[in-house]
Amino acid sequence: AEFRRTEDCAACHQEIAASWASSAHARSSFDNPFYRASIERFRAARGEEASRFCAGCHDPALLLSGVIDQPTIPADERASAGIPCRLCHGVTEARSDGNGSYVWSAEPIPLPDPADPVQVAAHRARVGTDVLRSTVLCGSCHRSFAGHEIGSPHHFNGIDDLGAFGTSAFGGAHGDSLEADVEPSTCRGCHMQREPATHDMAADNGSVPSHRFAGAHLSLTTDPAQHAAVRARLQDVVRIDIPAGSVDGRRRLPLEGSPARSGSRVTLDVVIRNLGVGHRFPGGTRDLQDTFVELRIVDAAGALVAEAGTQHAESGDDPTAFGLRAVPLDARSAIINTEKLI
């Protein structure tokens, strides 16, 4: 009960608690319809005990209470606790293994009298562990895999944002980047940028680290502030360039300014550049996201001449769209449609 309760924290951290409540971290458990469909299918196939494999990151309240081992998950607060304050602020060790590779301490968190600096210092020391600001804390869950523990005969990567970050220019490496001017950053630097706060005890010069954890999740909340934060995070992080192409088989470099008559066959060379994402774009679970490229061609008068992929946003199945995703294959190399599985 104490682990999942956020009211104690919200008493002094109103704005942090409010922004967290709209985040994907707050909706990671059975109140997330996408996750619920996945884990219920998994539990039916592999059993309740095996679902601890998911619970370490998605359902820590169910895992720590032992409820995850029960055949039926009760419809109470434990099944909708998400990733509460006490999880991240109670982790004392973390490893880069993934799949919830952290050590959590159940030591009580002293709630201070804001007017007593000694009590405040003790509180900060307890919730501000050395690992709290490290990338490995985020990576302990934002790296996952399927293995023999859950019935997979082979190691199968699911999410590996931590590994991708470590080999990126944002993580200090430059082998995978064509950009020479990328500023090194961290998970917190991108996903917990400071935002204004006036009534929060943790505010420093009128701001706190955002606990919206803005990434690419818009479907779990209707909060307009959360939607604005996500859109701001994604704005200008990727650039699409068309450096060259051909018209009726004749190479044009650059393509801009090259005339094409009605009926011409135009081929475009498209380059998608990741300018502002510290890991792969798109990140997350590579077979369960839907990122695609639309194309519209207009003539000199602005009239639409041709288009591709423009129906995908509504139908989800526009064959002319170019998708950025990975897909699992079966033993015969046929695509496994994971959307239909759940």
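With bins 10 Å wide beginning at 0, the percent of Cα pairs of region 80-141 falling in each bin runs 23, 46, 24, 7, 0. Of Ile336, Ile242, the order by accessible heavy-atom surface (1.4 Å probe, DNA, RNA and ligands excluded), from most exposed downward, is Ile242, Ile336. Based on protein heavy atoms only, the chain ends up with 59 Å² per residue of surface accessible to a 1.4 Å probe. Sort region 1-95 into rounded, prolate or oblate with this rule: let a ≥ b ≥ c be the square roots of the eigenvalues of the Cα gyration tensor; rounded if a/c is under 1.5, and if a/c is not under 1.5, prolate when a/b is larger than b/c, oblate otherwise. Prolate, since a/c reaches 1.5 and a/b exceeds b/c.
Once you have a ≥ b ≥ c as the square roots of the Cα gyration tensor eigenvalues for region 270-327, tell me rounded if a/c is under 1.5, and otherwise prolate or oblate according to whether a/b is larger than b/c. Verdict is oblate for region 270-327. Taking all protein chains in place and a 1.4 Å probe, what share, in percent, of the accessible surface of the chain do carbon and sulfur account for? Of the solvent-accessible surface of the chain, carbon and sulfur hold 54 percent. With a cut-off of 9 Å between beta carbons, the residues surrounding Val208 carry a summed charge of -3, where Lys and Arg count +1 and Asp and Glu -1.
At each listed q (0.11, 0.13, 0.16 Å⁻¹), what is the log10 of I(q)/I(0) that the Debye formula gives for the chain modelled as equal alpha-carbon point scatterers? At q = 0.11, 0.13, 0.16 Å⁻¹ the computed log10 ratios are -0.86, -1.14, -1.57. Computed with the Debye formula from one identical point scatterer per Cα of region 203-342, without solvent, the log10 of I(q)/I(0) at q = 0.18, 0.21 Å⁻¹ comes to -1.23, -1.39. Eigenvalues of the alpha-carbon gyration tensor of region 68-178, scaled by 5 and square-rooted, set the equivalent ellipsoid semi-axes at 31, 24, 11 angstrom, largest first. Subtracting the Cα-Cα distance of Asp8 and Thr320 from 0.36 nm times their residue separation leaves 107.2 nm of extension gain. By the combined test of axial Cα extent (at least 18 Å) and Kyte-Doolittle hydropathy (mean at least -1.0), the qualifying DSSP H helices of the chain come to 33-46.
Across the chain, the mean sequence separation of Cα contacts (distance under 8 Å, 6 or more residues apart), normalised by length, yields a relative contact order of 13 percent. Of the residues Leu63, Leu288, ranked by 1.4 Å probe accessible area with the largest first, the sequence reads Leu288, Leu63. Accessible area ranking (1.4 Å probe, heavy atoms, ligands and nucleic acids excluded), largest first, for Ser144, Ser23: Ser144, Ser23.
Neighbours of Arg296, meaning other residues whose beta-carbon lies under 15 angstrom from its beta-carbon, give a summed charge of -4 when Lys and Arg score +1 and Asp and Glu score -1.
The values are calculated or read from the model by the stated rules, or taken from the named source; none is laboratory data. This is a predicted model, so every value here is computed, not measured. Counting neighbours? That spans all protein chains shown, and the Cβs are built from the backbone with ideal geometry, glycine included. Surface areas here come from the heavy atoms of the whole protein model, side chains and all, with no ligands, DNA or RNA. Shrake-Rupley method; radii C 1.70, N 1.55, O 1.52, S 1.80 Å.
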